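K.L.:
Please find one structure pasted underneath; my questions will follow.
The values are calculated or read from the model by the stated rules, or taken from the named source; none is laboratory data. Only a predicted model underlies this, so the values are computations on that prediction, with no experimental measurement involved. Reconstructed Cβ throughout: ideal geometry from the backbone, glycine too, with neighbour counts over all protein chains shown.
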Amino acid sequence: MAVATAATSVVAQVDVRKENTMAKRKVGLDNRDRDRSGQIDKKHGNTLVGTLRETYGPGFAKGRRSDMKLENLLKEEHCKSLSDYLKKK
């Protein structure tokens, strides 16, 4: 019986370690994920306008092609980030 208890204890310790290492990601601003330090991921410049329209609606970057990259949109609009662009509009 002592062997069964020791084996159960080891399994319980492994489960606790697994829970600690598999921390759930928290959703951040604009449904972006946070990494383990709490930093919110930024949108990458290669994100397409069409993809952003799924989040921000069909009026996002009106008159622009859906295959345009975010980095090109920001350059043309003289914005440093997606947040700057959204504030401008």
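K.L.:
Which ones in region 67-89 are hydrophobic (A, V, I, L, M, F, W, C) and either surrounded by fewer than 13 Cβ atoms within 10 Å (Cβ to Cβ) or in contact (Cβ under 8 Å) with a residue 24 or more places away in the chain (or both)?
P.N.:
Those that are hydrophobic (A, V, I, L, M, F, W, C) and either surrounded by fewer than 13 Cβ atoms within 10 Å (Cβ to Cβ) or in contact (Cβ under 8 Å) with a residue 24 or more places away in the chain (or both): 70, 73, 74, 82, 86.
K.L.:
Can you tell me which residue among 25, 64, 34 is at pLDDT below 55 and surrounded by 10 or more Cβ atoms within 10 Å (Cβ to Cβ)?
P.N.:
Just one listed residue meets the conditions, 25.
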